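See below for the structure under consideration.
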Amino acid sequence: MCGIIGYVGHRTCTPILLEGLQKLEYRGYDSAGIAVITDGALHTRRAEGKLSNLLGIVAREPIEGTTGIGHTRWATHGRPSEENAHPHRVGTVAVVHNGIIENHSALRRELVEQGARFTSETDTEIVAHLVARHRQAGLTLPEAVRQAVLRLRGAYSVVVVDAEVPDVIVGARQASPLVMGLGQGENFLASDIPAVLSHTRSMVFLDDGTMALIRKDGVEVRAIEDDRPLPFEARQITWSPAMAEKGGFKHFMLKEIHEQPQAIANTLRGRLSLDRMDVDLPELPLTADDLRDVSQFYVVGCGTSWHAGLVGKYLFEDLAGMATHVELASELRYRNAVIDDRTLMLAISQSGETADTLAAIKDAKAKGAKVISVCNVLEASIPRESLGTVYTQAGPEIGVASTKAFTTQIVALHLMALKFGRLLGRLSDEAMAREIDGLVKVAHIIDGQLEDQEVYREIARTWGGAHSMLFLGRGNLFPLALEGALKLKEISYIHAEGYAAGEMKHGPIALIEETVPTVVLNPVDRHYEKVRSNLEEVKSRRGPVLVIASDGDASAREVATFCIPIPEVDEHILPLVAAIPMQLLAYHMADQKGTDVDQPRNLAKSVTVE
């Protein structure tokens with residue numbers, strides 16, 4: 001949500017800033033802008049709407065310089081407009097900001113009483129006024145920024161330049177990501193890795209409560225609280241710039257759907273021990289005694305990560321015998337949940353920066369809970385708050401609608417359930433061998449599912465005008481019904497709801513009519529006959545039906561309007577192979593309608609505000 005890039009070095013920075021903003025478009029935004037220092041003067045260019053609008057302005061009114069900052073804004077305080085776009089400037093100072101300043105109203109009143117004149121509706125402009133006033137009082141730029149952010153409450157990553165100090169950029173972080181990119185004779189600040197990955201793979205991930213000072217010939221990290229210098233370590237990013245490009249696919253989402261076999265294989269690599277019939281997860285420092293001492297096991301996440309957690313519930317209960325509570329982080333944090341020093345909490349987040357999930361685990365830690373996590377982004381905030389993290393190896397996920405992050409999260413949860421089951425003595429060698437065999441084969445199975453997509457195009461052509469759809473599933477495919485509905489509504493803007501199939505007669509069946517298609521997850525599993533009965537309930541009311549059925553189930557084609565076969569696999573692998581038709585259906589429905597598949601309206605990739 002929102003994107004930041006800063007550059008200081010020996011090259012003209014405008015193309016670098018604009019390229020970085022293009023790499024951050026996936027985060028979601030409604031305006032964009034840059035500020036560049038040229039010959040001791042500050043020049044800004046801003047535009048409402050897509051980045052192409054800003055590119056047009058810069059083409060007509062070019063600016064050159066070797067120090068600058070850029071931003072893509074997702075509106076929180078103030079409507080999308082040019083005047084609310086970042087950077088915000090006061091005199092020679094320009095500021096970009098991600099996050100929300102919770103005490104902005106009080107600070108704004110104070111500044112207005114002191115004579116400040118505001119030109120926007122944003123909370124961000126407050127920071128520019130505070131820094132400018134400290135500069136006028138004679139403070140250095142780093143100290144002026146430090147004193148300003150000490151006044152802020154909330155989540156922020158702030159990056160500041162001052163035309164009077166043209167060779168320095170100052171950044172500060174609190175509960176919103178900020179990373180330094182280290183180059184030769186040039187250095188970078190950004191809110192996410194892809195913004196600078198084409199220029200450097202050497203990154204420093206800033207901690208909460210820290211500031212970064214970057215010059216072309218060096219960088220510093222300092223504590224906001226007392227300005228003491230802090231040690232830091234650069235990490236080498238293994239993602240290649242090409243991994244964040246479309247690679248010939250029409251959309252990032254389609255590319256990322258096709259990357260799932262490799263992403264799953266990468267997540268499994270080095271973690272399965274066939275000789276010992278065990279799972280190697282040294283990143284989780286939990287013993288059998290630790291697990292036996294757990295009285296409450298919570299799994300928390302938001303959106304797609306919550307759906308992955310719901311799949312995980314079946315895995316942890318089946319394979320490890322652990323009673324598992326799966327919670328929406330945005331709800332758990334606001335109720336008096338039973339959490340103490342015998343609680344284990346597992347947080348799931350693709351970005352590792354999801355604000356509600358981060359707040360939930362901080363609250364749990366304050367009550368004594370142990371926190372572990374599943375995440376895709378190295379050194380993100382949630383892993384930093386965790387005792388240990390199982391990283392998925394999905395690579396950068398650019399499409400806002402999560403695909404490969406979801407399936408690799410399920411794989412990571414499966415590995416954790418197997419590890420816990422082994423530690424607790426709940427899994428025999430025979431059961432372990434069966435589970436490992438299923439995981440090893442699933443990448444190849446999914447690869448085959450991606451070969452022919454014509455049926456999805458036909459469904460999209462037939463149902464593209466639908467205004468509402470239902471998704472039904474039972475057992476560990478109920479979460480896939482929820483995920484399928486979420487994917488469809490996210491990118492096609494068709495209203496869709498996922499239900500446990502047994503709940504049809506308790507309300508949703510009233511919606512069934514000829515214009516409301518229903519997707520029924522009905523492979524051959526322990527729920528097969530029950531779900532088939534629910535399917536017949538829909539058919540008897542003339543509702544069109546898409547059945548996700550097992551290969552070889554001829555009866556499914558007889559009762560369905562459309563049928564998509566999936567391979568017969570072990571029950572615990574079913575959610576992975578069922579995820580593919582959910583994703584492809586949503587993609588082709590959206591593509592048929594011509595919506596913005598990768599950047600759907602009103603949504604952001606990394607939700608770093610509540």
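Quick look at the values:
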item	result
Most to least packed among 307-316, 383-392 [average Cβ atoms within 10 Å]	307-316, 383-392
Rg(Cα) / (2.2 N^0.38 Å) computed for the range 158-265, rounded to two decimals	1.27
Anchor K313: aspartates and glutamates whose Cα lies under 14 Å away (excluding residues fewer than 8 positions away in-chain)	E327, E571
Extended-chain gain in nm, criterion 0.36 nm per residue less alpha-carbon gap, E83 and R292	69.5 nm
Three-way shape label, the range 315-450, alpha-carbon gyration tensor, a/c 1.5	oblate
Which listed pairs, of K365/K487; K487/K593; K367/K404; K404/K539, have C-alpha distances above 22 Å, in listed order	K365/K487; K367/K404; K404/K539
The chain: C-alpha gyration tensor shape, a/c 1.5 cut-off, then a/b vs b/c	prolate
Label point at R215 placed 7 Å out along Cα→Cβ; residues across the range 144-187 whose backbone nitrogen lies under 14 Å	165-170, 185-187
Total charge dipole magnitude, the chain, about the Cα centre, Cβ charges on Lys, Arg, Asp, Glu only, Debye to nearest 20	840
Packing-based ranking, highest mean first, of 421-432, 397-408 given that Cβ atoms within 10 Å are counted	397-408, 421-432
Carbon and sulfur %, accessible surface of the chain computed with the full protein complex present, 1.4 Å	48
The chain - share of DSSP beta bridges that are antiparallel (%, nearest 5)	65
Cβ crowding within 10 Å averaged over residues, with 561-572, 31-42 ranked highest first	31-42, 561-572
Under 5 Å, built H, 5+ apart or other chain: amide partners of A347	V300, I372, S373, V374
Extension gain (nm, one decimal) between R526 and R153, 0.36 nm per residue minus Cα-Cα	129.1 nm
Cα centroid of the range 391-464 to Cα centroid of the range 256-293, whole Å	13
Residue (of A163, S198, L150) at the positive-pole extreme of the range 148-226, dipole from beta-carbon charges	S198
Gain in span if fully extended, A106 to W239, counting 0.36 nm per residue against the direct Cα distance	43.6 nm
K50-R384 pseudo-label distance in nm [points 7 Å out on the Cα-to-Cβ vector]	3.5
Restricting the range 548-601 to trypsin sites (Lys or Arg not before Pro) in coil, as DSSP defines it, with at most 15 other Cβ within 10 Å	R601
Listed residue pairs exceeding 22 Å between alpha carbons, taken from K489/K530; K50/K246; K419/K441; K370/K419	K489/K530
Unit charges on C-beta of K, R, D, E only; dipole of the range 520-594, Debye	440
Qualifying GluC sites (Glu not before Pro) in the range 186-276, DSSP loop, other Cβ atoms within 10 Å at most 14	E225, E233
Check: the range 172-247 dipole with +1 on Lys, Arg Cβ and -1 on Asp, Glu Cβ, in debye	280
Three-way shape label, the range 192-330, alpha-carbon gyration tensor, a/c 1.5	oblate
The range 264-308 residues near the modelled R342 label - backbone nitrogen below 18 Å, point 7 Å along Cα→Cβ	287-299
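The values are calculated or read from the model by the stated rules, or taken from the named source; none is laboratory data. Quick caveat, the model's predicted, so the values are computed rather than measured. Neighbour counts are summed over all protein chains in view; Cβ atoms, including those assigned to glycine, are modelled from backbone coordinates with ideal geometry. Protein only, heavy atoms only, side chains kept; ligands, DNA and RNA dropped before computing areas. Shrake-Rupley method; radii C 1.70, N 1.55, O 1.52, S 1.80 Å.
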